[in-house]
C-alpha cells in the first residue's frame, strides 16, 4: 500500500539537452537526493556527456556536466555511496558499446563537486567493468558487488565485479551461464542484484527472449547458477529491483512480452517471497510514449526512483510504503 508519493521532473523538457536517458539515483543521509544521467543531441552521438543534479531544500539544482573528453559519447552513469560518505559516480565511455571503458569520479561534498574521472580498472579492454546500468550493492560481509555485462562479438553476457576495498580494486567473476530457450542461447545483460540473507545473492536479467531471467549465488557472488526463466515479462528494456527493510522486493520494469516492445507501461511489482512471485503495486506511467531505464533504491520503507521520460527529461519519484 502506498502511503505517500512525490513526483517531480528533475528539469524541464529540452532545458538541458535535446535527449537524455539512463538515470541513476542515490539518497543521502542529510536528505539530499542525487541523480545522474547521460544527455546530448542523441544517444551515442559524440556530444553526449554525463549530467548530475542534487535535490536540496525541496528543489533540484541546475545539472552539472561531466565528461572525460567532449568528443566521445558517455553512457549509463551509476551512483554509489562509499563507507566514508564519499559519493562514487561510475559511467561508460566509448564510441561503440563493445569498446566501452568504465570511468569513476568521486565527490566528498554530497555531489556539489566531483573529481576528474579516472579509469575504474586501468587498461581494461573487455567492454567495461563495474556496474553497467544498475546500482552496486554492499553485501553483509562489507564487500561491494557490481552488476555487470558486456556486448561483444554479437553476444550479450552478464557477470559481477566484486570489490573488497570499497571500490579501489575489482575482481571480475565468471560469466553467468546462459541457458537455451526456444532453441537459442539467451542473450542477457544489465543485471540487478539483491542479497536475501548472508551470502545469498540473486540477480534478475534483461533479455531478448520476452522474459526476465534469474540467477542465484550462495557464496557472496563468487559463483552463480545457470540463469533460468521467470514468469516476468521483459521487452528487452532495463529493469531494477530494491529490497525494503521488511524484506520484500520491489521491481520496476516495462512488463511487455515482446522483444524490443514499446517501453510503456512502467510499473512497480512487489514480492514477499524473495522474488518467486510478484504482484502489481503501482502503474507509474501508462500513456503512449517511452518510460524506461529505471533506477530504484530503498531507504527503509521509502523508495527513491528515477526513469527516462520520452527521452526529454528525467522523472524522480519518492514513494512511502
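The values are calculated or read from the model by the stated rules, or taken from the named source; none is laboratory data. Computed from a predicted model, the values in this text were never measured in an experiment. Note that each Cβ is placed from the backbone with ideal geometry, even for glycine, and that neighbours are counted across all protein chains shown.
Which of the following residues is surrounded by fewer than 23 Cβ atoms within 10 Å (Cβ to Cβ), part of a strand (DSSP E or B) and touching a residue at least 60 places away in the same chain (Cβ under 8 Å): 189, 104?
Details: 189 fails: touching a residue at least 60 places away in the same chain (Cβ under 8 Å).
After ruling out the rest, the residue left standing is 104.
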With the first residue restricted to segment 5-19 and required to be on the phi > 0 side of the Ramachandran plot and part of a loop (DSSP other than H, G, I, E, B), and the second required to be surrounded by 16 or more Cβ atoms within 10 Å (Cβ to Cβ) and at pLDDT 95 or above, Cβ contacts under 8 Å at 6 or more apart or on different chains are 14/312
Among (1) in a loop (DSSP other than H, G, I, E, B); (2) on the phi < 0 side of the Ramachandran plot; (3) surrounded by fewer than 23 Cβ atoms within 10 Å (Cβ to Cβ), which single condition is residue 230 missing? (1)
Does residue 75 count as closer than 14 Å to residue 132 by Cα and in contact with a strand residue (DSSP E or B) (Cβ under 8 Å, 6 or more places away or on another chain)? yes
Only one of these conditions is not met by residue 282: (1) more than 17 Å from residue 242 (Cα to Cα); (2) surrounded by fewer than 21 Cβ atoms within 10 Å (Cβ to Cβ); (3) modelled with pLDDT of 95 or more. Which number is it? (1)
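Being closer than 27 Å to residue 184 by Cβ and either buried (at least 19 other Cβ atoms within 10 Å of the Cβ) or touching a residue at least 60 places away in the same chain (Cβ under 8 Å) (or both) is true for just one of 263, 311, 258. Which residue is that?
Working: 311 fails: closer than 27 Å to residue 184 by Cβ; 258 fails: either buried (at least 19 other Cβ atoms within 10 Å of the Cβ) or touching a residue at least 60 places away in the same chain (Cβ under 8 Å) (or both).
Result: 263 is the single residue among 263, 311, 258 that is closer than 27 Å to residue 184 by Cβ and either buried (at least 19 other Cβ atoms within 10 Å of the Cβ) or touching a residue at least 60 places away in the same chain (Cβ under 8 Å) (or both).
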Yes or no: residue 62 at pLDDT 95 or above, part of a loop (DSSP other than H, G, I, E, B) and at negative phi? yes
So, in segment 233-253, how many residues would count as being within 22 Å of residue 286 (Cα to Cα) and outside any strand (DSSP E or B)? 6
Please give the number of the condition residue 115 fails out of (1) in contact (Cβ under 8 Å) with a residue 40 or more places away in the chain; (2) closer than 25 Å to residue 136 by Cα; (3) not in a strand (DSSP E or B). (1)
Within segment 257-309, count every residue that is within 22 Å of residue 75 (Cα to Cα) and in a strand (DSSP E or B). 14
Could you count how many residues in segment 28-39 are surrounded by fewer than 20 Cβ atoms within 10 Å (Cβ to Cβ) and assigned to a strand (DSSP E or B)? 0
Residues in segment 40-54: is at least one crowded, with 23+ Cβ neighbours inside 10 Å, in contact (Cβ under 8 Å) with a residue 60 or more places away in the chain and assigned to a strand (DSSP E or B)? yes
Which of the following residues is farther than 28 Å from residue 13 by Cβ and surrounded by fewer than 18 Cβ atoms within 10 Å (Cβ to Cβ): 287, 219, 320? 219
Any hit, segment 80-90, residues being over 23 Å from residue 15 (Cα atoms), surrounded by 15 or more Cβ atoms within 10 Å (Cβ to Cβ) and touching a helix residue (DSSP H, G or I) at 6+ places or on another chain (Cβ under 7 Å): no
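Yes or no, residue by residue, for (1) at pLDDT 95 or above; (2) over 23 Å from residue 58 (Cα atoms); (3) touching a helix residue (DSSP H, G or I) at 6+ places or on another chain (Cβ under 8 Å):
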| residue | (1), (2), (3) |
| --- | --- |
| 1 | no, yes, no |
| 6 | yes, no, no |
| 25 | yes, no, no |
| 30 | yes, no, no |
| 35 | yes, no, no |
| 39 | yes, yes, no |
| 42 | yes, yes, no |
So residue 165 passes all but one of these: (1) over 23 Å from residue 199 (Cα atoms); (2) without any contact (Cβ under 8 Å) to a residue 40 or more places away in the chain; (3) not in a strand (DSSP E or B). Which condition number does it fail? (1)
